[in-house]
Structures are given as C-alpha cells and as structure tokens.
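Peer 1: First, the structure itself, so that you have it in front of you.
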Amino acid sequence: MKALEANFDGLVGPTHNYSGLSFGNVASAKNQANPSNPKEAAKQGLAKMKALSDLGMVQGVLAPQERPDVYTLRRLGFTGSDQDVITAAAKQAPKVLAACCSASSMWTANAATVSPSADTADGKVHFTPANLTNKFHRSIEHEVTGRILKATFADEGHFVHHPALPGVEHFGDEGAANHTRFCHEYGEQGVEFFVFGRHAFDSRFPAPQKFPARHTFEACEAVARLHQLHDDKVVIAQQNPSVIDAGVFHNDVIAVGNKNILFCHEQAFLNQQAVYDELGLKLGGDFKVIEVPTSAVSVDDAVTSYLFNSQLLAMPNGDNVLVLPEECLNNQNVWAYIEQLLAEKRGIDAVKVFDLKQSMANGGGPACLRLRVVLNEAEQAAVNPNTLMNDTLFATLNDWVDRNYRDRLVEADLADPQLLVESRTALDELTRILGLGAVYPFQR
Ligand SMILES: N=C(N)NCCC[C@H](NC(=O)CCC(=O)O)C(=O)O
C-alpha cells in the first residue's frame, strides 16, 4: 500500500533550560548554567515544522511533558503543597529539582521506537516508548510519552502501543535515535536497523570507557520481538565505542538513513563493512552508503556541527534533502564537505539549514527533534488531525507560546513555584488545541 514518512516533532516545553544533566553529551555539559530562552526555543522548533510542512511533508506535533514533575519529587520524599515540594527541593536538592524541570521530551527521536505496519507480523504500526534509563531526567518521561502517543495515534485497529521496557540499565532503550528503517518504497516491507552501545549480559564485547553507552543490545532484541519483526529483516549493530567516548551519545549523532540511503561517518560502527553488507543483503540490493571519511570531517567536527543529526528527507518531488542545523554552516570542514557532496550528486540533492540554537545547546539537532512514523493512507486518516501542522496550527501555537512562555530561565528560576502554575495553564490549553484529552497528571 502507498505510504509516506511523517515527522512528529516535539514541541519545546515552557521549562526549557540548561542544567548539564547529560553526562556524555558534550553540548549539555558545556552550556550548563547558561540562561535559556524557552520562547525562542519553541519558536525555532515550530519554524522547522512549518517549513517542512510547506515543502509538502506530513508534519505532526507531539506535546511536551508536565514540568516541574512534582509527582517524582514526592516519590523522593518531598511533601506538603506543590509549592512546598518545589521550595524544599530547590533548597535541599537543586540538581534533582533541575532534573524534574527538564524539557528534554522535546527530543522526540527518544520518545519511542516505531515500526511501520509493512514490517510487523500483525500489519499494525507498533510503538514502544523509550525507557531512557541512563539519565534520571529522561527516565521520568515514558509514561506520559506513552499517553501522548496513544492520544495522537489512537485507533487500535491500526496502532499498537507497548509499555516501555523494564526500567533498568540492562534494557536501556533510547528509542528511534538508535533506530533507522531502510526500504525501497515506504509501503513495502523494510529492514529495521537497531544500533546499541553495549551488551548488558555478555562482557566479551567492547564497551566505551569514558562515557556511558545508553542503549543495550538486549533492548534492541526486545523491541524487535515486541514489534513482531521478521529476523531476516532486522539488523542489529554495535556503535563504535570510541565515538561514544568522543561525545556520540546516540547513533543519530553519527549516522542517518532514509529509504535506501545510509549517510554516516566512517567510524560510526564496529565492523562497519559487515554492517553495510548485512543491510544490503537484507534490503535485497540497491543499498547506497555515503560514508564520510575522517580526513574530511573528524568525529569532533561531527559532534560540534551535528552534520549527521540531519533529517534525510525524500521530498514529494523525489529530491533527497538534508535538513541541517546552522552549526554546519559555521564549520569550515563540514561545509566544504557538504558543497562537495552536492556537487558530486551522490544521492543528496539539496540542503536546508535551520537555526535551532536553543535545542543545539543541549545537544539536540534537527533529527533529535523528530520522531518518524511511516504511515499508509488508512493510517494517515486515523491520526489525530489536530496534531498535524498547517497554517492555522502554526499561528495558534505561536500565539500560545507568545502568551505562555518566558524568554529567560536560569537555574534559580526553577525554584519559582509560579513556573509550575504557568506551565500547567499552558499545557491545559495545549491539550485542547491538540485534542489530546487528559494526558497530564494534573488533569487526572
Ligand atoms: N540525539 C538525540 N536523538 N537526542 C538528543 C537528546 C539530548 C538530551 N539532552 C539533554 O537532556 C540535556 C538536558 C540538560 O542538560 O539540561 C540528552 O542528552 O538526552
């Protein structure tokens, strides 16, 4: 059946801030304690969504989380009114409060792993929210993420929603940031490519030494089983441990794929040639790899520019477009490589550059901000229509941001109980705009 790839971007939440919460994510560490601008962050994200929608792509919006997360703070022993909880947490455990205030759900590449219906044995689209166990501030996302996904893809005739994997490091799952689907046509059965950082139950394999490997082999296998994928259409590969130690905390910081193209750095994977061979074999031929050599773009260049955190999009007119963050323009090596890539016509026809600085400063580029969902026509018709980007939704959400978001947040502001009131007021209105129902704890 005819199908397309839709992109669902995370709307940046009102508490977007820089708290240095992600050990192993170079940008997060570097920008710790800098003031953030939630209003600008949300608008930068909306501008990307609108631009892709204007180019004829199906573009959706995923709602942010309720933050500060006072429910988690209560589980950690803070008591009294919501205001008491926040005030005590700010005094006794400011880092824990910061973690409970993070707007990190904006990076919806980590929301879930999604398998299109053409790949699954029951012919339905499968979703598994990522447990994100490696980072406390992210491990508290999956329950509400699951509810938002259910409210967006509600029809049980088409969509299957699994709970997150067990919340322990053995099954550390970072979702679609480490998952790529290859195919010739979106509606045909594809090859699902899972990438992990370490084995949890087998110490014979290499693992990074400096920074954590967030995602395990065992998590990849579990999601492939839950989604009823066919073994001969699944490839599971290990990330090169040394690039994790250089700041590549997700595979989507060093590789991106779409349809039959894999665009990646030459140091992305362990046993890289064997990975290419297996992907080519399982795809049944015509598999194209655009491998970027270290001599042109170093791993450091990749980490600072987010060249590979681009969205590789097949446009309705057939062009393959790379959606890049502005940081690529500012890196001489990277920009020279892109100019050469376009001139050589190796399968990428054009680039689009976006200003996503607010998200980039926490290590989130264009590809982090989106969850890909391949949908056939019947499934598209079953998506909650209020979540799909168009002129009206763009105007409505910009106005909503203008009325509800601050333009500056520093760590001390997280102690302000008014931030919770503002955030809940905004989210209550947002659930009506997006027709989500009562997805947030304060609404239940
Ligand atoms: N590569 C992908 N798909 N996603 C990027 C996620 C960035 C996120 N940053 C943060 O959570 C930083 C929050 C802070 O430090 O305030 C993370 O490390 O999980």
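None of the figures in this text is laboratory data; all of them are computed from the coordinates on show. From a predicted model like this one, the values you see are computed outputs, not experimental measurements. Positions of Cβ are generated from backbone atoms using ideal geometry, with glycine treated the same way; all protein chains shown enter the neighbour counts.
Peer 1: Starting from the Kirkwood radius over alpha-carbon pairs of the chain, derive D by Stokes-Einstein at 20 °C in a medium of 1.002 mPa s and give it in µm² s⁻¹.
Peer 2: Numbers: Rh = 21.7 Å.
Reported coefficient: 99 µm²/s.
Peer 1: Where does each of I254, I140 land when they are ranked from fewest to most other beta-carbon atoms within 10 angstrom?
Peer 2: Numbers: I254 28, I140 22.
By the 10 Å Cβ count, ascending, the order reads I140, I254.
Peer 1: For region 299-444, what does the convex hull of the Cα positions come to per residue, in cubic angstrom?
Peer 2: Numbers: hull volume 24.0 nm³, N = 146.
With only Cα atoms used, region 299-444 gives 164 Å³ per residue.
Peer 1: Right, another one. How big is the convex hull of the Cα atoms of region 115-158, per residue, in Å³?
Peer 2: Working: hull volume 3.2 nm³, N = 44.
Residue-normalised Cα hull volume stands at 73 Å³.
Peer 1: Counting other Cβ atoms within 10 Å of each Cβ, which chymotrypsin sites (Phe, Trp or Tyr not before Pro) in region 172-235 have at most 11 and sit in a DSSP loop? Display every interim value, and only then the final one.
Peer 2: Details: sites: F182, Y186, F193, F194, F196, F201, F217; in loops: Y186, F201.
Counting only loop positions with at most 11 other Cβ atoms within 10 Å, the chymotrypsin sites (Phe, Trp or Tyr not before Pro) in region 172-235 are F201.
Peer 1: Express in whole angstrom the spacing between the alpha-carbon centres of region 216-263 and region 1-51.
Peer 2: 22
Peer 1: Grab the beta carbon distance between D407 and D122, set R0 = 51 Å, and tell me the FRET efficiency rounded to 0.05.
Peer 2: Working: r = 47 Å, r/R0 = 0.92.
With R0 = 51 Å, the Cβ-Cβ based efficiency is 0.60.
Peer 1: Still on this structure, please answer the following. Any chance you could give the angle, 0 to 90 degrees and rounded to 10, that helix 38-54 forms with the longest Cα principal axis of the chain?
Peer 2: Tilt relative to the chain: about 40 degrees.
Peer 1: What distance in nm lies between label points placed 7 Å from Cα along the C-beta direction at E188 and K95?
Peer 2: Here the modelled spin labels are 5.2 nm apart.
Peer 1: Over the Cα atoms of region 133-199, each weighted equally, I'd like the Debye log10 I(q)/I(0) at q = 0.13, 0.17, 0.24 Å⁻¹, rounded to two decimals.
Peer 2: -0.50, -0.83, -1.17
Peer 1: Can you tell me the mean projection area, over all orientations, of the convex hull of region 54-96's alpha carbons? Units nm², please.
Peer 2: Details: hull surface 19.0 nm².
Result: 4.8 nm².
Peer 1: With a ≥ b ≥ c taken as the square roots of the eigenvalues of the C-alpha gyration tensor of region 220-376, please select rounded if a/c is under 1.5 and otherwise prolate if a/b is larger than b/c or oblate if it is not? Before the final figure, lay out the partial values.
Peer 2: On the way: a/c = 1.44, a/b = 1.33, b/c = 1.08.
In terms of gyration-tensor shape, rounded.
Peer 1: Measure nothing but the geometry: give the 0 to 90° angle between the long axis through the Cα atoms of 418-433 and the longest principal axis through the Cα atoms of the chain, rounded to 10°.
Peer 2: Between the helix axis and the principal axis of the chain, the angle is about 60 degrees.
Peer 1: Please compute the net charge surrounding N331, taking Lys and Arg as +1 and Asp and Glu as -1 over other residues with Cβ under 11 Å from its Cβ.
Peer 2: On the way: positive: none; negative: D300, D301, E326, E327.
Here the count lands on -4.
Peer 1: If you filter region 276-359 for trypsin sites (Lys or Arg not before Pro), then keep DSSP loop positions with at most 10 other Cβ within 10 Å, what is left?
Peer 2: On the way: sites: K282, K288, K345, R346, K352, K357; in loops: K345, R346.
Loop-located and lightly packed - K345.
Peer 1: Taking the mean number of other Cβ atoms within 10 Å as a proxy for protection, how do you rank 56-67, 7-18 from highest to lowest?
Peer 2: On the way: 56-67: 22.7, 7-18: 26.5.
Highest-to-lowest ranking by the protection proxy: 7-18, 56-67.
Peer 1: Taking 7 Å along the Cα-to-C-beta vector as the label spot, tell me the A381-N398 distance in nanometres, rounded to one decimal.
Peer 2: The answer from the label model is 3.3 nm.
Peer 1: What does the C-alpha gyration tensor say about the overall shape of region 163-263? Classify as rounded when a/c is under 1.5, otherwise prolate if a/b is larger than b/c, or oblate. Working shown, then result.
Peer 2: Working: a/c = 2.13, a/b = 1.36, b/c = 1.56.
Oblate.
Peer 1: Run the helix sum for the chain: -39,500 (n - 2.57) per DSSP H stretch of 4+ residues, divided by residue count, reported at 222 nm to the nearest 500 deg cm²/dmol.
Peer 2: Values: 16 runs with 148 residues, N = 444.
Roughly -9500 deg cm²/dmol at 222 nm, from the helical runs in the chain.
Peer 1: Next up: Mind listing which trypsin sites (Lys or Arg not before Pro) in region 191-229 are in a DSSP loop and have 10 or fewer other Cβ atoms within 10 Å?
Peer 2: Details: sites: R198, R204, K210, R214, R225; in loops: R204, K210, R214.
For trypsin sites (Lys or Arg not before Pro) across region 191-229 that sit outside H, G, I, E and B with at most 10 neighbouring Cβ atoms in 10 Å, the list reads R204.
Peer 1: Right, next: Mind running the shape call on region 264-318? Use the C-alpha gyration tensor, a ≥ b ≥ c as the square roots of the eigenvalues: rounded below 1.5 for a/c, prolate if a/b tops b/c, oblate otherwise. Don't skip to the answer; put the middle values down first.
Peer 2: Numbers: a/c = 2.70, a/b = 1.19, b/c = 2.28.
It comes out oblate by the Cα gyration axes.
Peer 1: Using only the alpha-carbon atoms, how far is helix 272-283 inclined from the longest principal axis of the chain? Give it as 0 to 90 degrees, nearest 10.
Peer 2: 80
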